[in-house]
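Input: a single structure, listed below in structure tokens.
The values are calculated or read from the model by the stated rules, or taken from the named source; none is laboratory data. Because the structure is predicted, anything quoted here is derived from the model rather than measured. Using ideal geometry, Cβ is built from the backbone for each residue, glycine included, and neighbour counts are taken over all protein chains shown.
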């Protein structure tokens, strides 16, 4: 089956009416997509393993005892999301692996390393936090016990969710020597420049905060404004402060967003006692990010005082700016040129499993264009020719990595 | 059993760890409280009926064919609420009815009307909107079909919820000639003045709006600020606009609050596509309320433009300022004096079933003090002596109403 045919099949799993998918981590749709993947891996002659945090590996033993070149991405999605984010990279990895196995079988490629296709568990972090969960556990950035104990808003743990879909494994994951990932850009740079493939040199720094505003319940109709401790009124100020901070920095230098907010008790006639919000602050410049972060905390404290509530930062994590190895970028440029693809060197604003993996092994991250830069939405689109070109480049890159051309 | 003993029994149903109750309309706890009430009504010799929207009536036929003096309040509560709001008035009505029946039986009271204790369905409006649902259906302000079709955030309809707890009835409700209700103040006026009983002369006007902000999903880490249509960023501005508007009016003249906000898809890394919020605007002065409302709509439109989103007011209702009949206030003052209670004439900022009933029949609304004015919270408190004094005043008032002393 052609890549596009197979991708259409995968996209039918958890399909939404607007042309997207909803396959949040550990849900039934995620489980179905994973079973579909296992069939594809097995059919390609790969041996399938699942590790303790639900990462799925399809391994080929080409050089007994040698470490593995990992290639993959993630099948999980955001709610009502696009069908390309993550899933494209996983299926592209299956096709790239088939190509390499065929090359080895035909005697045209002499492997130095083994290879394994991987579907990382919960890259998105929409249902369970933090994001980059499976890849983070693989590199040791996250503890397995901590990952398994994380709970969604309904109180279901990762351990329960993985058991529920039959993907709580116990296999020792394969040792890696390098990692490659192909992903959609999720921005507009490649489209604007007319470039075919993005060569990712590094990633923006990001701070993720979980903030709880503690107020006191009251009657919206009978409590004087002066007597209120309204958690939602102050939470709204925090959202505005975060949004407006962006305008104090050079255009495009800082991104902020609050994507999630939960209100208790969330009744139309009750002053809220507690609001929890997830704040995302990003910059390519780590110093600017820290300045912005410090300003926000200062202003949050002032807003708390003004609103007669308590503002508590219950979780704060920093994803440092990343720099991927230049040798990998250079190698990717070479194979892209061989494939006739134009390239553009760039940074990624979004987080990726590749950024997590880079802490452990040399990593290469490739992008293909996203129409209008839309992502995390059903309208997400990458054109067929760009999809196929990306698979071709990844296959060539994987062959070089398996041959030992990087590091 | 004494009033306080019975009230402790009722307060144990749906009790929360912090000394409150959670018995939202149509939930299992509401059903349990209603079954408890039915036993009490039956034991008092009242005939129990349930109407099509779940209002519970306990009737005494004292004068065959005569209309009824209704007396009661509501057993439903807000989430994690106090134990007095509503429930106090229902149990007080049971005690007042017992008193009147005993007076009639002893030949000390000659009834002109019948009486019925009532538990109105869903006064609170936390789970199902609008509030004042049972009393609104009784007066004809709401249509029965519309009430039964209202759905909570999980999609359960009122009809389903009432069936679930066994309180979807079909009885014709009793015809009313007058209505009396005893309630906690939920404010600080009586406490500040040291008055025992509040005589409610009327109610504030209120506007309730349901507003939907329509945005577009996007990636919080990869979508440039200029390309966003962030529903939550603008919704937060609306909350701030509503809060800050209060400061443009004389102190205490205007109240605003947003108590509920739901965010879609509510993922930490997705720009929100839709936010729905419930806005509550109140004033004793109807003209001031309309000026405030017009200003808000104007500013909401500007915020929508600034945020590149659409702001839609999907529901807007006006509860006009109410004036309860002076004859009822005077009568209540007389019986309060007989009971040795000091009184204070006042307005209610909060809505009550009594305000709904006043559209149909002469209505008397009495308040007892709330410690520190706290309400819609577990800390809600009215002292035992105030509770008992209120029951005494209500019993005396009910006797006079049944004797035909009002209208």
Which pairs do you get when a residue that is more than 14 Å from chain B (Cβ to nearest Cβ), found in segment A:360-373, comes within reach of a residue that is at pLDDT below 95, reach meaning Cβ atoms under 6 angstrom, with the pair 6+ apart or on two chains? A:362/A:406; A:362/A:407
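Among the residues in segment B:95-107, are any assigned to a loop (DSSP other than H, G, I, E, B), modelled with pLDDT of 95 or more, over 15 Å from residue B:395 (Cα atoms) and touching a helix residue (DSSP H, G or I) at 6+ places or on another chain (Cβ under 9 Å)? Write out each step before concluding.
Just the residues of segment B:95-107 that are assigned to a loop (DSSP other than H, G, I, E, B), to begin with: B:106-107.
This time we only want the ones that are modelled with pLDDT of 95 or more, so: B:106-107.
Among the residues that remain, those that are also over 15 Å from residue B:395 (Cα atoms) are: B:106-107.
Within this subset, residues satisfying the condition of being touching a helix residue (DSSP H, G or I) at 6+ places or on another chain (Cβ under 9 Å) are none.
No - not one qualifying residue is present in segment B:95-107.
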All conditions in (1) on the phi > 0 side of the Ramachandran plot; (2) touching a strand residue (DSSP E or B) at 6+ places or on another chain (Cβ under 9 Å) are true of residue A:368 except (1)
May I ask you to verify whether residue B:289 is more than 30 Å from residue B:241 (Cβ to Cβ) and in contact with a strand residue (DSSP E or B) (Cβ under 7 Å, 6 or more places away or on another chain)? no
Any residue in segment B:162-181 that is touching a helix residue (DSSP H, G or I) at 6+ places or on another chain (Cβ under 7 Å), in a strand (DSSP E or B), within 14 Å of chain A (Cβ to nearest Cβ) and surrounded by 22 or more Cβ atoms within 10 Å (Cβ to Cβ)? no
For segment B:114-126: of the residues being more than 14 Å from chain A (Cβ to nearest Cβ) and surrounded by 24 or more Cβ atoms within 10 Å (Cβ to Cβ), which is farthest from residue B:51 (Cα to Cα)? B:115
Identify, please: which residue in segment A:127-152 is closer than 21 Å to residue A:22 by Cβ and touching a strand residue (DSSP E or B) at 6+ places or on another chain (Cβ under 7 Å) and is, among those, nearest to the other protein chains (Cβ to nearest Cβ)? A:130
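Residue-wise test of (1) in contact (Cβ under 8 Å) with a residue 24 or more places away in the chain; (2) not assigned by TED's automatic domain parsing to the domain that holds residue A:178.
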residue: A:289; (1), (2): yes, yes
residue: A:309; (1), (2): yes, yes
residue: A:315; (1), (2): yes, yes
residue: A:325; (1), (2): yes, no
residue: A:329; (1), (2): yes, no
residue: A:337; (1), (2): no, no
residue: A:341; (1), (2): yes, no
residue: A:346; (1), (2): yes, no
I'd like to know if segment B:306-325 contains one or more residues that are more than 14 Å from chain A (Cβ to nearest Cβ), more than 19 Å from residue B:232 (Cα to Cα) and out of contact with any strand residue (DSSP E or B) (no Cβ under 6 Å at 6 or more places or on another chain). yes
Which of the following residues is within 9 Å of chain B (Cβ to nearest Cβ), under 30 Å from residue B:257 (Cα atoms), at pLDDT 95 or above and over 23 Å from the mean Cα position of the chain (by Cα): A:239, A:213? A:239
Total residues in segment B:221-236, condition more than 7 Å from every other protein chain (Cβ to nearest Cβ) and free of Cβ contacts under 8 Å to residues at least 40 places away in the same chain: 1
Lone qualifier among B:176, B:236, B:226 - being more than 28 Å from residue B:380 (Cβ to Cβ) and assigned by TED's automatic domain parsing to the domain that holds residue B:23: B:176
Looking at B:330, B:287 in this structure, which one is under 30 Å from residue B:196 (Cα atoms) and out of contact with any helix residue (DSSP H, G or I) (no Cβ under 7 Å at 6 or more places or on another chain)? B:330
Restricting the search to segment A:133-157, which residues are part of a helix (DSSP H, G or I) and within 17 Å of the chain's Cα centre (by Cα)? A:133, A:134, A:135, A:136, A:137, A:138, A:139, A:147
Using the structure shown, decide if residue B:278 is within 10 Å of chain A (Cβ to nearest Cβ) and without any contact (Cβ under 8 Å) to a residue 12 or more places away in the chain. no
Of the residues in segment B:15-59, how many are without any contact (Cβ under 8 Å) to a residue 40 or more places away in the chain and not in a helix (DSSP H, G or I)? 3
Can you pull out the residues in segment B:183-209 that are within 8 Å of chain A (Cβ to nearest Cβ) and over 17 Å from the mean Cα position of the chain (by Cα)? B:188
Do you know which residues across segment B:373-406 are on the phi > 0 side of the Ramachandran plot and in contact with a helix residue (DSSP H, G or I) (Cβ under 7 Å, 6 or more places away or on another chain)? B:373
I'd like to know if segment B:366-382 contains one or more residues that are exposed (fewer than 15 other Cβ atoms within 10 Å of the Cβ) and at pLDDT below 95. yes
Condition set modelled with pLDDT of 95 or more and buried (at least 24 other Cβ atoms within 10 Å of the Cβ), scope segment A:336-354, selection nearest to the other protein chains (Cβ to nearest Cβ): answer is A:348
For residue A:283, state whether it is surrounded by 18 or more Cβ atoms within 10 Å (Cβ to Cβ), closer than 24 Å to residue A:132 by Cβ and either touching a strand residue (DSSP E or B) at 6+ places or on another chain (Cβ under 8 Å) or assigned by TED's automatic domain parsing to the domain that holds residue A:211 (or both). yes
Count, please, the residues in segment A:242-267 that happen to be at the interface with another protein chain (Cβ under 7 Å from one of its Cβ atoms), farther than 27 Å from residue B:283 by Cβ and without any contact (Cβ under 8 Å) to a residue 12 or more places away in the chain. 2
If residue A:218 passes every condition in (1) within 8 Å of chain B (Cβ to nearest Cβ); (2) in contact (Cβ under 8 Å) with a residue 12 or more places away in the chain; (3) surrounded by fewer than 23 Cβ atoms within 10 Å (Cβ to Cβ) but one, which one does it miss? (3)
